[in-house]
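Working notes for the structure below.
The values are calculated or read from the model by the stated rules, or taken from the named source; none is laboratory data. Because the structure is predicted, anything quoted here is derived from the model rather than measured. Cβ: placed from backbone, ideal geometry, glycine included. Neighbour counts: every protein chain shown.
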Amino acid sequence: YTIRAQTVSESCPSNIALIKYWGKYDHQIPANPSISYTLNHCKTNTTIEFLANEPFSVQTFLAGNEEIKFAEKIEKYFRNIEQYLPWILKGKYVIQTENTFPHSSGIASSASGFGAIAKCLMKLDEDFSGKSSEEESLQKASFLSRLGSGSACRSLYNGLVVWGKSHEVEGSSDLFAVKYPDSEIHDVFKDFNDWVLLIHEGQKSVSSTVGHGLMKTNPYAERRFREARENFVPMKAILKSGDLKEFIKLVEHEALTLHAMMMMSDPAFILMKTGTLEVINKIWDFRKETGLPLFFTLDAGANVHLLFPNDGSEEKIKTFIEAELLPHTQKNGVVKDVMKF
Ligand code: PMV
């Protein structure tokens, strides 16, 4: 089971969910299907130097600085996936990784990070399994990255991506993500902005691992899982028709529901900050006054993802964001990305 000593490099973007994954079963099986946009600019670039026949060990560097905690996490992850990559514990790894976006910015670096590592592993695996088709290799990378961080499996594909079995999406699976069919997506959704307002850059008080775990005892969990499954029905119709009004309603509802679940956990926790609520209210006022399609989603953190299409209304929206929303961020922080496919 040995493979050649070699160095491989891969890159993978992050993603932002529209219908959220929050709650899971053993072996990283999601409690409900989710759908996300893959970002175009916010990426992790990873280089793995594999030294064959050395005792198994993992060394990691983030932007050149050695990260012991991350190495321990990866070591555990590699042990976990040995059943799928039998050669994986037969060597030493030196992993260099860098993100093209700021650290702890509320952009999921675990998604892009595990996506990039899984792609590197698939390259190394060619010595053992032989070269597989692009499609097969991406699916296996999606499968492997899921075992590192659930939402990572959606980052292997661009555009809109579904993870978790849904009757509304052909070929969808709990084990890996699939691309939502391009032909089923209205053009308005194929050129969209995601500007992330950095409300609070500190460490999150509750990790997503703990958050998922608290869904096990949340009395609203089953209702929530059912709602997320059911939300695929209107989402499918919206994506086809291009109904922005309904899209906005559904996406904001999903974001607020994610945070409502946190508040109804035992113990309860709140990841939103004052600035998060101020920005949400300003967005709602702006929409009421102008009717322009600026809306938000939230990840498991305080930062606000501002979503708006490039449909001709974007200049007015950008002016509003710079003037009215940026003052609510830490150090005028905003990360500008786009989903164009
Ligand atoms: O992939 P994890 O375990 O970090 O979970 C992330 C879950 C959310 O980002 C909050 C929602 C999602 O679907 O991405």
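A few comments on the model shown:
- A count restricted to segment 50-71 and to residues that are in a strand (DSSP E or B) and either crowded, with 16+ Cβ neighbours inside 10 Å or of a type in the set (S, T, N, Q) (or both) stands at 8.
- The C-beta contact set for segment 221-234 (first residue among the basic types (Lys, Arg), second residue surrounded by 21 or more Cβ atoms within 10 Å (Cβ to Cβ), distance under 6 angstrom, 6+ apart or interchain) comprises Arg229/Asn32.
- Residues (within 16 Å of Tyr157 (Cβ to Cβ) and either without any contact (Cβ under 8 Å) to a residue 12 or more places away in the chain or in contact with a Ser or Thr (Cβ under 8 Å, 6 or more places away or on another chain) (or both)) located in segment 175-204: Phe176, Ala177, Val178, Pro181, Ser183
- The single condition among (1) under 23 Å from the mean Cα position of the chain (by Cα); (2) free of Cβ contacts under 8 Å to residues at least 40 places away in the same chain that Lys119 does not satisfy is (2).
- Filtering Ser172, Ser142, Ser151, Ser155 for residues that are within 15 Å of the ligand (Cβ to nearest atom), hydroxyl-bearing (Ser, Thr, Tyr) and out of contact with any helix residue (DSSP H, G or I) (no Cβ under 6 Å at 6 or more places or on another chain) leaves a single hit, Ser172.
- Residues being acidic (Asp, Glu), more than 24 Å from Leu85 (Cβ to Cβ) and within 17 Å of the chain's Cα centre (by Cα) - total across segment 147-204: 1
- Scanning segment 29-39 turns up no residue that is surrounded by fewer than 21 Cβ atoms within 10 Å (Cβ to Cβ), away from the ligand (no atom under 15 Å from the Cβ) and among the β-branched types (Val, Ile, Thr).
- Residue under evaluation Thr209, criteria (1) in a loop (DSSP other than H, G, I, E, B); (2) within 11 Å of the ligand (Cβ to nearest atom), criterion not met: (1)
- Long-range neighbours under 6 Å by Cβ, at least six apart or interchain, first residue assigned by TED's automatic domain parsing to the domain that holds Gly275 and small (Gly, Ala, Ser) within segment 321-341, second at pLDDT 90 or above and not in a helix (DSSP H, G or I): Gly333/Leu198
- Thr276 being at pLDDT 95 or above, within 16 Å of the ligand (Cβ to nearest atom) and either farther than 30 Å from Leu214 by Cα or touching a strand residue (DSSP E or B) at 6+ places or on another chain (Cβ under 7 Å) (or both): yes
- The set of residues in segment 1-28 being in a strand (DSSP E or B), within 17 Å of Ser145 (Cβ to Cβ) and either touching a Pro at 6+ places or on another chain (Cβ under 7 Å) or away from the ligand (no atom under 12 Å from the Cβ) (or both) consists of Val8, Ser9, Glu10, Ser11, Cys12, Pro13, Lys24.
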